[in-house]
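Beneath this line is the structure, given in C-alpha cells, with notes to follow.
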C-alpha cells in the first residue's frame with residue numbers, strides 16, 4: 001500500500017476500530033502487561049475485587065475452533081480453541097465463580113450484592129463451530145450459556161462480509177474497489193500489508209449503510225471469485241442446530257437483529273425494524289420468548305442512545321454491549337446497555353483473565369439506572 005493509504009489505515013483504525021474497544025488485546029504494552037502480572041502475583045487483584053469486582057462479569061466470545069496455522073488471521077482475536085474454553089471453565093469453577101444464565105445476570109444486577117460473584121458466558125454470531133466445538137465442552141461441564149443470533153444467517157440470507165474480506169485479502173496480492181466514487185488500489189503482498197488493508201476496509205465498511213455495504217462486498221466478491229453466500233452459510237448454524245440447542249435448559253437463545261448491521265449506520269426506523277425482526281423470527285422458529293439481545297459488534301461506535309431506548313421499549317430483559325466493565329448490583333448497571341468483556345482469543349493466559357474478572361482495571365460504575373451516552 002502507498003504511504004497515503006497507510007496513513008488512512010491508521011486514521012480509520014483509530015476512528016472506528018473493527019474489533020471494538022471492549023476487547024482485551026494480547027499485544028498490550030509491556031507496562032500494562034507488567035501491571036497485570038504484578039496485580040495477579042501480589043494478590044492485589046483479589047484484594048481489590050471486593051471493592052471493584054461488582055456482582056460479576058459477562059464474557060463475550062464468537063468462534064470456537066482449533067487453532068489455525070495461517071500467517072494472516074485478522075479475525076484471530078474473535079476465536080478461542082475448545083481447549084481454552086475447557087481450561088477456562090475449570091478455572092472459573094476453581095475460583096468459585098458462579099457460572100450463570102442471562103436471566104440470573106439480570107436478577108443479580110438489581111438485587112443486593114452477595115459474596116458470590118458470577119460469570120456469564122455468551123457467544124455472538126451464531127457460528128456453526130459453537131455447535132460443533134463449543135457445545136460438547138459446555139454440555140460436559142453442565143454450565144449455562146447464551147447465544148446471540150442474527151436470524152438471517154440460519155436462513156442462508158445473511159452476509160458475513162468480514163469472512164469474505166478475510167478470504168479475499170489472504171488469497172490476493174492486489175485488490176481494487178470504488179471508495180467515495182474513486183477507484184482505490186491496494187497492494188497486499190506482505191502479511192503486514194494484508195493486515196493494514198483488512199483493518200482499513202473493515203473499518204470503512206462499518207460506516208456504510210446496509211445497502212451500500214451489501215453492494216460493496218458483493219462487488220468485491222464478484223471481482224475476486226469469493227462465494228459470499230456459500231461462505232456465510234457454511235460458517236453459520238442452521239435451524240436444526242438451533243432447535244437442538246434450544247431444547248437444552250442450559251442454553252439461552254438471544255437475538256442480535258436479523259442481518260447483523262451496524263445500527264448506528266442506519267436510520268432509526270430501519271434499526272428498530274432490524275431489532276424487532278430478529279426477535280420475532282427467533283421466537284417464531286424456536287417457539288419460545290426471546291428476552292435478551294446483543295447490539296451487533298457492540299462497541300461504542302456500533303449503537304446509540306436511541307437503540308438503548310428501543311431495546312427498553314421492546315420489553316427485552318437485557319441488551320448487551322462490548323463496553324468493558326463489571327456488572328454492578330442494586331440496579332447500578334443499565335441492563336439495556338449491559339457491559340461485557342470481549343475476550344481476545346490471542347490472549348491465552350488464565351492469570352490475565354482472573355485479573356480482568358476482578359474489575360481492577362475497569363473504571364467503577366456510578367449509579368445510572370437509565371442514563372447512557
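The values are calculated or read from the model by the stated rules, or taken from the named source; none is laboratory data. Model, not experiment: these values are computed from the prediction. Here Cβ is always computed from backbone atoms with ideal geometry, including for glycine, and neighbour counts include all displayed protein chains.
Where in region 227-331 are there helices (runs of 4 or more DSSP H), lying wholly inside it, with at least 2 residues that are without any contact (Cβ under 8 Å) to a residue 40 or more places away in the chain and out of contact with any helix residue (DSSP H, G or I) (no Cβ under 9 Å at 6 or more places or on another chain)?
Values: elements: 228-235, 239-246, 268-286, 305-313.
Once the helices (runs of 4 or more DSSP H) in region 227-331 are filtered for at least 2 residues that are without any contact (Cβ under 8 Å) to a residue 40 or more places away in the chain and out of contact with any helix residue (DSSP H, G or I) (no Cβ under 9 Å at 6 or more places or on another chain), what remains is 268-286.
Going through 107, 189, 140 one at a time, which residue ends up being surrounded by fewer than 16 Cβ atoms within 10 Å (Cβ to Cβ), closer than 26 Å to residue 326 by Cβ and modelled with pLDDT of 95 or more? On inspection, the qualifying residue turns out to be 107.
Looking at this structure, is residue 74 under 16 Å from residue 333 (Cα atoms), out of contact with any strand residue (DSSP E or B) (no Cβ under 8 Å at 6 or more places or on another chain), assigned to a loop (DSSP other than H, G, I, E, B) and touching a residue at least 40 places away in the same chain (Cβ under 8 Å)? Spell out how you get there, then give the answer.
Details: under 16 Å from residue 333 (Cα atoms): no; out of contact with any strand residue (DSSP E or B) (no Cβ under 8 Å at 6 or more places or on another chain): yes; assigned to a loop (DSSP other than H, G, I, E, B): yes; touching a residue at least 40 places away in the same chain (Cβ under 8 Å): yes.
Spelling it out, it is not the case that residue 74 is under 16 Å from residue 333 (Cα atoms), out of contact with any strand residue (DSSP E or B) (no Cβ under 8 Å at 6 or more places or on another chain), assigned to a loop (DSSP other than H, G, I, E, B) and touching a residue at least 40 places away in the same chain (Cβ under 8 Å).
Scanning region 128-148 for residues that are out of contact with any helix residue (DSSP H, G or I) (no Cβ under 6 Å at 6 or more places or on another chain) and part of a strand (DSSP E or B) turns up 147, 148.
Residues in region 339-350: is at least one over 24 Å from residue 86 (Cβ atoms), at pLDDT 95 or above and buried (at least 22 other Cβ atoms within 10 Å of the Cβ)? First the steps, then the outcome.
The first filter runs over region 339-350 and keeps only residues over 24 Å from residue 86 (Cβ atoms), leaving 339.
With at pLDDT 95 or above added as a condition, the list becomes 339.
When the remaining residues are screened for being buried (at least 22 other Cβ atoms within 10 Å of the Cβ), the result is 339.
Checked region 339-350: at least one residue is over 24 Å from residue 86 (Cβ atoms), at pLDDT 95 or above and buried (at least 22 other Cβ atoms within 10 Å of the Cβ).
Of all residues in region 114-127, those satisfying the criterion of being touching a helix residue (DSSP H, G or I) at 6+ places or on another chain (Cβ under 7 Å) and surrounded by fewer than 24 Cβ atoms within 10 Å (Cβ to Cβ) are 118, 119.
Report, by residue number, each residue of region 180-226 that is assigned to a loop (DSSP other than H, G, I, E, B) and without any contact (Cβ under 8 Å) to a residue 40 or more places away in the chain. Once the filter is applied, which keeps residues that are assigned to a loop (DSSP other than H, G, I, E, B) and without any contact (Cβ under 8 Å) to a residue 40 or more places away in the chain, region 180-226 yields 180, 181, 189, 190, 225.
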